[in-house]
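Laboratory data are not the source of any read-out in this text; all were calculated from the coordinates shown. All values derive from a computational prediction rather than experimental measurement. Please note: Cβ atoms are built from the backbone with ideal geometry, for glycine as well, and neighbour counts cover all protein chains shown.
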Amino acid sequence: MSQKSEINDTQLRELLYQALETELGGEQVYKQALKCVINEDLQEEWEAYLEETRTHQKILRNVFEKLGLDSTVQSTGRDVVHHIGKSLVDSMRIALESGGRAAAELVAAECVVLAETKDHLNWELIGHVAEAARGDTARILKSAHDEIEDQEDHHLYHTRGFLRELWLDALGLPAVLPPPEEVKNVKTAIGASRAEHAREQLM
Ligand SMILES: [Fe+2]
Ligand SMILES: [Fe+2]
């Protein structure tokens, strides 16, 4: 598609509210996940991702300011994102209180993957809007997207790799830890798929 499309401004604002709420919830998800983690490599990853998530909040607030939008506006979609984030934190708390640390670590990795799936989608969509938009909107969104794109790829693909390998380890099967996605510094969906297929060679 070479032709520029007409962006639905209301839906773009909705995407930005949800994106900010995802980053706010993400901070809480990482704080709780770090209370559950045992694997030291994963702990190091999540500590870095927590810091990056805080930076993403700042970048998004900056986007709101530059676009002349109020970042505190609530919407049903934003409410739902908030609710899901809170549920993820509660789920980890329950797992930690009643299942012990090893079980809680698996739950935490699942919760981070769920939170990061939404985070990754938001930024993927912001990237598409930046491509299709014109003028200031295009410039502002593109510069934010360029800054965080690689980090969101790491957050999702690397944590998903850890989740799979921690589960395999818990099942008593051979596991590759840190996962191939981490070792191969995967940055794309294709790379993640290749890393997963190459895991046998790393065992
Ligand atoms: Fe993020
Ligand atoms: Fe993220």
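Quick notes on this structure:
- Note on the chain: dipole from Cβ charges, positive end direction compared against T55, H145, G99; the farthest Cα belongs to H145.
- Using alpha-carbon coordinates, inclination of helix 76-99 to the longest axis of the chain, degrees: 10
- Table column - 3J(HN,Hα) (Hz), region 154-168, Karplus curve with 6.51, -1.76, 1.60, x for Gly and Pro: 4, 3, 7, 5, 6, 5, 5, x, 4, 4, 4, 5, 5, 5, 4
- Size of charge dipole - region 149-188 - debye, nearest 20, with Cβ of Lys, Arg +1 and Asp, Glu -1, no other charges: 180
- About the centre of its Cα atoms, region 9-152 shows a dipole size close to 560 debye [charges on the beta carbon of Lys, Arg (+1) and Asp, Glu (-1) only; nearest 20 debye].
- Shape category assigned to region 1-46 from the gyration tensor of Cα positions, a/c cut at 1.5: oblate
- Packing order of peptides 118-124, 132-138, highest average first: 118-124, 132-138 (average count of other Cβ atoms within 10 Å over each peptide's residues).
- The chain, relative contact order in percent, only Cα pairs under 8 angstrom and at least six apart counted: 23
- Candidates A133, G77, L24 compared by Cα position along the dipole of region 9-152: farthest toward the positive end lies G77, with charges placed on Cβ.
- Counted by neighbouring Cβ atoms within 10 Å, the residues E182, E196, E97, E51 run from fewest to most as E97, E51, E196, E182.
- Cα-based Rg of the chain normalised by 2.2 N^0.38 Å, two decimals: 1.08
- In sequence order, calculated HN-Hα J values of region 113-118 (Karplus, 6.51, -1.76, 1.60; Hz; x Gly/Pro): 4, 5, 5, 6, 5, 5
- Crossing angle, helix 9-36 versus the chain [Cα axis fit, 0-90 degrees, rounded to tens]: 20
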